[in-house]
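The values are calculated or read from the model by the stated rules, or taken from the named source; none is laboratory data. Here the structure is a predicted model, which is why all the values come from computation and not from measurement. Note that we place each Cβ from the backbone using ideal geometry, even for glycine, and neighbour counts take in every protein chain shown. Note: areas computed on protein heavy atoms with side chains; ligands, DNA, RNA excluded. Shrake-Rupley method; radii C 1.70, N 1.55, O 1.52, S 1.80 Å.
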Amino acid sequence: MASSAAAAVTLGGKGAALSPAAVYALSLGLASPAIDASALKPLSTRAPSPQETPASLGAALAALAPAESRAAAAVLLNKLLLTASDSASALVTASTATRLAESLDVAAALPLGSRDEAAVAAASAPVAVALAALIDSCAAPLARVADAVAALSCEAARGDAAAFDVPASGDGLSAKDEADVAADIKMLVFGSKLVGSAGGAPAPAAATFAKVPTVNGIFREAVRALHARVRIELNAPVKLGKRDAGETGAGKEEALVVLATQLARAVQALCKLSISRARLCAQSIADAELREKLTDGVSIDDLKGMLDRVLIDSDAVSVLKGVYNHLLKFRDFLAWEAAVAMAVIEGDSSIEKPQAGVENEVGSSADKPQVGGEKGKGDKKSKKKKTLGKGTSAVLILLRDHVTNGNAIASVNSALVAEWGTSLSLLFDPKCSGLESLVEKVKEIVESNEVRRLPKIPKGTRDFGKEQMAIRERAFSIITGVFKMHGATALDTPVFELRETLMGKYGEDSKLIYDLADQGGELCSLRYDLTVPFARYVAMNNISALKRYQIAKVYRRDNPSKGRYREFYQCDFDIAGVYEPMEPDFEVIKVLTELLNQLDIGTYEIKLNHRKLLDGMLEICGVPPQKFRTVCSSIDKLDKQTFEQVKKELVDEKGISNETADEIGNLVKTRGPPLEVLLELRKEGSKFMQNEGSIVALNELEILFKALEKANALDRIVFDLSLARGLDYYTGVIYEAMFKGATQVGSIAAGGRYDNLVGMFSGKQIPAVGVSLGIERVFAIMEQQEKERNEMIRATETEVLVSILGKDLTLAAELVSELWSAGIKAEFKLTTRVTNHIKYALQSGIPWMVLVGESEIQKGSVKLKDVKANQEDEVARKDFVQELKKRLSKP
């Protein structure tokens, strides 16, 4: 922050945001406030009307140190400017704003000049927000520094890198921050010959370093949570007149206290761990006296009662000041740990000391004398010295240069280490410009990706190479053709939606929705499917009828497996609007059969059921209506689990009796040809005929089955009472297509009727029905078919290769441009070797070649080569395009 001494922090400007770092700079006088010109215009020039100072503000100011008071003044000034710009009716006087900007002293600006100013002061809790901003500005860089110091201690104590093997599962069952800390420290020690070099660290060392990812991860999480809140409180205008200003301010203070005390608990754990690591490092020093002094340099007793004193204070200001002081104490502990680790490394003659501007050579032997001993002259068996990791080497160089000012270290003693600790504590203060360099260096190291040289893609995703793209484009062409044949229009929607749009639509599967990180604006999530965005589009645009298709990617935070991805394409066909019974349902299912037939993937069946029939079945079995949806989610797993497994879930987790579960089990076994099962369910004495919802469903299904029979589409349909489709929005017919071939991919398409989904958004009920094709699984089937046929998959549609037996680009450009102008798909290649041309044409599956060498140029001709037949014909240069069009059967 030292570089900010002459800087000005602009307050109230449009698009500008006040950061915690800026508040810290203002508090120490390292920067001065400047009111943006646009923020001056809404201010009132009327004479101030002195107001009574809000009680909460007056009491808080009395407890503040000068720097804290300046921070509070900056926060209050910014909130007054933001509120005045946000609301034309807000009365904020130019006099108050000017006094605050000139003095950065809240007391000097009192009394406030209007009721609105007093309300802003009460509602914005400027003192608590300012203190939280100071905590944030100090804590944020320490998250990186703590990782770097832990890595340096791991080198000094010769710990084991296995402590940082913390995998990130990505399924929500692992702590992201913990995994990130582990990955960052592994990056810092990458290349080290000290870490893990002794065949595994001693048990105390292993246990100590194993805690680092968890504790440092919790600290990161706490810092991020506080930062997000502080950022909002610093930059959100006060909405006057909405709520009691005093209560609003008290609520803000309470929220900040909760987040700050969570941070304090994390800091307490960091302090303990830092002391343990420092002692662990000191144990490796050979000099007994120095070892004892460094071991006792800090005491765990220093922490006793610290956290209690922070937490027992009743008022917010006292608590926040306590957390801030606790953080400063941690900074001292961390600096001491770093100093001890440096002392161990500098004093160990077996360790190669990294030098600025010199690449750290793994396993190199040093020629320079080092602290703690000299290289013996004439020692033929001089051992190669151990090297630090590349990251920790860079960190050590920065820390060493800071504490020594570039001077050589003659010897290490306890007094010198104490000086280092004091110097490093100052380095870790945000006002020190060196801290920014240290944090940036650590960030650069951990983001360098040097541990994993080759990049990889996330689990549950895939790349499509040229052969896969050829298959995909062919499939998309077939699918789009079928959709258009039925009169559907194309639609595209955003890849992410407001989170509120998606929530409450997918039942238990809502946990699979990817939420995007809050950027201080709207809460958004990646779309889970294309159906809900379609319903949102229909509602938002007040559409009464629409037949649309959409082919786009969707995202699910699922456990990846063969044929199951987290990012995948869906191909949707939906019909919205009021029609005759089963009219759109018939067409959607007919579209599904046409898709699967034209894709020619092999044998499949379409399981079909009706949601009202399913609800009727559950009612017959005695399931309470409020449990219909959750029981359906369990039944939906029958294609992957045995009934005994599903029954256990129904009984143990969902409170269904054994008798009810058994009765459900008997009914869901019903499946077979649609008309036969329909007849069975409608026979005399059937319980389904005594249920009102079931009767409606069976009548609708009769209409549907007869229409499908006339359309020659019924033979692929199986009426299956076990089909449940766990999504909450289905209200009528539901169906799911299953591939029956050798490639095990499971469901390849599904859909149903959802009459209420559009109404969830607009209140106006627009019935709809649709189907979604899981194209990724279809791709897997098509790819397997290509492999079994042992046929080459053409990645291009090139028809002609213009082969110039030389390097004449102008000739190639002339010939190939004539082909392109004639609508012929062509490529060109320049090389003197004819075998290279032929090899390329064979590998690419190009059927025709135009060969041009010196003799053809002299004759004014070209050779046309049929690659597959291996036959050549010489034709006149002027006629070659027409000749090729004839042979390619082009008009």
Exercise for the section: Go ahead and run the numbers for FRET between GLN598 and ASP662, Cβ-Cβ distance against an R0 of 56 Å, rounding to 0.05. Expected result: 0.85
Practice task
Enter the Cα centre distance for the pair region 244-298 and region 399-446, rounded to the nearest angstrom.
Solution key: 19 Å
Practice task
Express in nm, to one decimal, how much length is gained between GLU680 and GLU883 on full extension, taking 0.36 nm for each residue of separation and deducting their alpha carbon distance.
Solution key: 66.4 nm
Problem - Surface accessible to a 1.4 Å probe, ASP639 within the full protein complex, Å² - result: 70 Å²
Practice task
Give me the compactness ratio for region 728-769, meaning the Cα radius of gyration over 2.2 N^0.38 Å.
Solution key: 1.58
Handout entry: Descending Cα extents along the principal axes, the chain, whole Å
Key = 92, 83, 65
Fill in the blank from the handout: With only helices counted (DSSP H, runs n ≥ 4, each -39500 (n - 2.57)), the per-residue ellipticity at 222 nm for the chain, to the nearest 500, works out to -16000 deg cm²/dmol
Exercise for the section: For the chain, give the share of DSSP beta bridges that are antiparallel, in percent and rounded to the nearest 5; count only bridges with both residues there. Expected result: 70 percent
Completion exercise
The convex hull of the Cα atoms of region 73-125, divided by residue count, gives a volume in Å³ per residue of 66 Å³
Problem - Scattering profile of region 11-108 at q = 0.10, 0.11, 0.13, 0.21 Å⁻¹ [log10 I(q)/I(0), Debye over alpha-carbon scatterers] - result: -0.26, -0.31, -0.44, -1.13
Exercise for the section: For region 760-803, divide the Cα radius of gyration by the Kirkwood radius and give the resulting Rg/Rh value with two decimals. Expected result: 1.38
Problem - Dipole magnitude of the chain, debye to nearest 20 (Cβ charges: Lys/Arg +1, Asp/Glu -1, about Cα centre) - result: 1600 debye
Exercise for the section: Express the relative contact order of region 778-875 as a whole percentage, based on alpha carbon pairs under 8 Å and six or more residues apart in sequence. Expected result: 26 percent
Problem - Computed Rg/Rh of region 24-64, alpha carbon atoms with Kirkwood Rh - result: 1.09
Fill in the blank from the handout: Place a point 7 Å from the Cα of GLU583 in the direction of its beta carbon; the residues of region 754-797 whose amide N falls under 15 Å from it are 767-769
Practice task
Can you figure out the FRET efficiency of ALA55 with LEU498, using R₀ = 35 Å and their beta-carbon distance, to the nearest 0.05?
Solution key: 0.30
Problem - Cα-projected label distance for ALA63 with ARG794, points at 7 Å along beta-carbon direction, nm - result: 7.9 nm
Fill in the blank from the handout: In cubic angstrom per residue, the convex hull of region 680-836 built on its Cα atoms measures 240 Å³
Practice task
Using label points projected 7 Å from each Cα along Cα→Cβ, tell me how many nm separate THR831 and SER448, to one decimal.
Solution key: 3.9 nm
Fill in the blank from the handout: By the Kirkwood definition, with r running over pairs of different Cα atoms, region 768-891 has a hydrodynamic radius in Å of 16.2 Å
Handout entry: Cα centroid separation - region 456-519 against region 789-805, whole Å
Key = 31 Å
Problem - Convex hull of region 626-673 built on C-alpha atoms - directionally averaged projected area, nm² - result: 3.5 nm²
Fill in the blank from the handout: Subtracting the Cα-Cα distance of LYS459 and ASP639 from 0.36 nm times their residue separation yields 62.4 nm
Handout entry: Sparsely packed trypsin sites (Lys or Arg not before Pro) within region 659-707, loop by DSSP, other Cβ within 10 Å at most 15
Key = LYS669, LYS683
Handout entry: Accessible area (Å², 1.4 Å probe, nearest 10) - ARG833
Key = 150 Å²
Problem - Cα-based Kirkwood hydrodynamic radius, region 603-760, one decimal, Å - result: 16.1 Å
Exercise for the section: Take peptides 567-574, 825-832, 73-80 and line them up by average Cβ neighbours within 10 Å, highest first, as a rough protection proxy. Expected result: 73-80, 567-574, 825-832
Exercise for the section: Report, in degrees rounded to the nearest 10, the 0 to 90 angle that the Cα long axis of helix 316-347 makes with the longest principal axis of the chain. Expected result: 90 degrees
Completion exercise
With R₀ set to 41 angstrom, the calculated FRET efficiency between the beta-carbons of ALA34 and THR422, to the nearest 0.05, is 0.70
Practice task
Would you mind getting the Kirkwood hydrodynamic radius of region 399-542 from its Cα pairs, rounded to one decimal in Å?
Solution key: 22.1 Å
Handout entry: Calculated diffusion of region 832-891, Stokes-Einstein form, Kirkwood radius summed over Cα pairs, 37 °C and 0.692 mPa s, µm²/s
Key = 272 µm²/s
Practice task
Kindly provide the trypsin sites (Lys or Arg not before Pro) of region 789-818 that DSSP labels as loop, not H, G, I, E or B, and whose Cβ sees at most 15 other Cβ atoms within 10 Å.
Solution key: ARG794, LYS807
